[in-house]
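These notes are about the structure you will find just below.
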Amino acid sequence: YLHFHYGNDGDVTYNEFSIGRGYLTMKVRPVEWFEPRITLDAHQDESGDMKVRLKYLYGKFKIPVETKVVTDPFLEFGIVHMPWLDYEEHINWYRAQGTMFMERNKLFNSADFGATLGTLLGRKLDKDYQETVSSKYPGSLGSMAIGVYNGGGYHALEKNAYKSFDGRISIRPLGPVLPNLQLSYFFIVGRGNQEKGAGWKPPLWRSHAFMASFEHRYLAVTGQFVMGKGNQKGNFTHWATEPDPATGEDVIVGIDEVYEFIGASGFLEIKLPMIWSSLIGRFDWFRKDDDGSTCTDGRCDTMRAIAGYAFHFHKTHKNFVMVDVDYIIPDRDIPGVSDVWEVKLTLQIKL
């Protein structure tokens, strides 16, 4: 993802060229039932330096089973896909614009150390649907995935011995009669990636998300709702502190509160295949509790609007040039908050 940005971060106006991501992936299939993968992730850190890290490094065991209920079950072991984002990003293909709704609000990211078990539900949809609409997750009844993970994400050291359990199930309620419609549920049960103290456990992490999606040759639309408490990093937390008798400095003695959150997001892509183009729009709303130090009423509301145009010059959704406007609608109840906006030109190339 290669970018040129022009915008305002609330304090200063900026314009710059940048690299959002540069992935290098290698897959091999020594035998039909086993497919290892490694993906290197080149990105710019906050100082502008280029860094390379592992995004995926796993062995994928493919189980040659096809019944009326399951098709193509698999097991990934290593640094693997978590159940949600790979699914959502094959409906909303514009990850190059920025992260998806839940990741952008710092609930979790896309990969972790662990194991993921997944399968298509029902037999595969016909070739015509896969060629004209989507070939991703083509189970005629839906798909599902479940896994256990360290809980810190692929670029964090695990700070405790707890694990997170994630799962997703996506159902086509009308089956192959109307395969365009899917209803999805996703959950996370775990603890935030913070160290365990002498008198407390790491903060709770619970998330429940629901999404309805409709994909068509000329249209893709999603609507999702999420609620829960805590997050992957464990920093949706207010820590209880007491002065250290020896130094007088405040030290953590426990967890006072784990913040709850609620949010919703809608995405729309209007596909114009006759001119190799797409119009996209997205609206996010996210509310997180706060101790009152940031948000005056103890609740932080964030609203974001995105609109863009993409020209697909080779293989739809893989190689395109896109211009978009990303605007964070400020919470006017917080004094001194300025508008945050960005106009971005993006080139995505996938070979």
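Within the stretch 146-158, is there a residue that is surrounded by fewer than 16 Cβ atoms within 10 Å (Cβ to Cβ), touching a Leu at 6+ places or on another chain (Cβ under 7 Å) and modelled with pLDDT of 95 or more?
Within the stretch 146-158 (the criterion being surrounded by fewer than 16 Cβ atoms within 10 Å (Cβ to Cβ), touching a Leu at 6+ places or on another chain (Cβ under 7 Å) and modelled with pLDDT of 95 or more), the answer is no, since none of the residues qualifies.
Out of 160, 150, 180, I need the residue that is out of contact with any Phe, Trp or Tyr (no Cβ under 7 Å at 6 or more places or on another chain) and polar (S, T, N, Q). Which one?
Checking each option against the conditions leaves just 160.
Taking only pairs six or more apart or across chains, which ones have beta-carbon atoms under 6 Å, a first residue in the stretch 121-138 that is more than 18 Å from residue 169 (Cβ to Cβ), and a second residue that is in a loop (DSSP other than H, G, I, E, B) and open to solvent by 30 Å² or more (accessible area, probe 1.4 Å)?
132/217; 133/217
Do we have residue 114 as more than 20 Å from residue 91 (Cβ to Cβ), of a type outside the set (Val, Ile, Thr), assigned to a strand (DSSP E or B) and in contact (Cβ under 8 Å) with a residue 24 or more places away in the chain here? Walk me through it before giving the result.
Numbers: more than 20 Å from residue 91 (Cβ to Cβ): yes; of a type outside the set (Val, Ile, Thr): yes; assigned to a strand (DSSP E or B): yes; in contact (Cβ under 8 Å) with a residue 24 or more places away in the chain: yes.
For residue 114, the condition - more than 20 Å from residue 91 (Cβ to Cβ), of a type outside the set (Val, Ile, Thr), assigned to a strand (DSSP E or B) and in contact (Cβ under 8 Å) with a residue 24 or more places away in the chain - is met.
May I ask you to list pairs of residues, at least six apart or on different chains, whose Cβ atoms are under 6 Å apart, with the first in the stretch 195-214 being open to solvent by 80 Å² or more (accessible area, probe 1.4 Å) and assigned to a loop (DSSP other than H, G, I, E, B) and the second being polar (S, T, N, Q) and at pLDDT 90 or above?
Listed pairs, sorted by first residue: 196/160.
When you go through 103, 88 one by one, which is the residue that is among the acidic types (Asp, Glu), surrounded by 22 or more Cβ atoms within 10 Å (Cβ to Cβ) and in contact with a Ser or Thr (Cβ under 9 Å, 6 or more places away or on another chain)?
So the residue among 103, 88 that is among the acidic types (Asp, Glu), surrounded by 22 or more Cβ atoms within 10 Å (Cβ to Cβ) and in contact with a Ser or Thr (Cβ under 9 Å, 6 or more places away or on another chain) is 88.
What are the residue pairs meeting all of these: first residue in the stretch 181-194, first residue without any contact (Cβ under 8 Å) to a residue 60 or more places away in the chain, second residue assigned to a loop (DSSP other than H, G, I, E, B) and hydroxyl-bearing (Ser, Thr, Tyr), Cβ atoms under 8 Å, and 6 or more apart or on different chains?
Close Cβ pairs (under 8 Å, with a partner that is assigned to a loop (DSSP other than H, G, I, E, B) and hydroxyl-bearing (Ser, Thr, Tyr)) amount to 190/162; 191/162.
Identify, please: which residue in the stretch 229-260 is more than 25 Å from residue 157 (Cβ to Cβ) and of a type outside the set (D, E, K, R) and is, among those, surrounded by the most Cβ atoms within 10 Å (Cβ to Cβ)?
243
For residues in the stretch 66-85 being among the β-branched types (Val, Ile, Thr) and more than 21 Å from the chain's Cα centre (by Cα), which is most open to solvent (accessible area, probe 1.4 Å)? Quick ask: steps written out before the conclusion?
Initially, the stretch 66-85 is screened for residues among the β-branched types (Val, Ile, Thr), giving 67, 69-71, 79-80.
If we keep only those that are more than 21 Å from the chain's Cα centre (by Cα) too, we end up with 67, 69-71.
Details: 67: 55, 69: 95, 70: 42, 71: 1 Å².
Among residues in the stretch 66-85 that are among the β-branched types (Val, Ile, Thr) and more than 21 Å from the chain's Cα centre (by Cα), the one most open to solvent (accessible area, probe 1.4 Å) is 69.
If we scan the stretch 93-108, do we find a residue that is touching a residue at least 40 places away in the same chain (Cβ under 8 Å) and β-branched (Val, Ile, Thr)?
No; the residues of the stretch 93-108 include none that is touching a residue at least 40 places away in the same chain (Cβ under 8 Å) and β-branched (Val, Ile, Thr).
The values are calculated or read from the model by the stated rules, or taken from the named source; none is laboratory data. In this text the structure is predicted, and so the values were computed from the model without any measurement. Every residue, glycine among them, receives a Cβ derived from its backbone with ideal geometry; neighbour counts consider all protein chains shown. Each accessible area value is taken on the protein alone, full model and side chains, heavy atoms only, with ligands, DNA and RNA left out. Shrake-Rupley method; radii C 1.70, N 1.55, O 1.52, S 1.80 Å.
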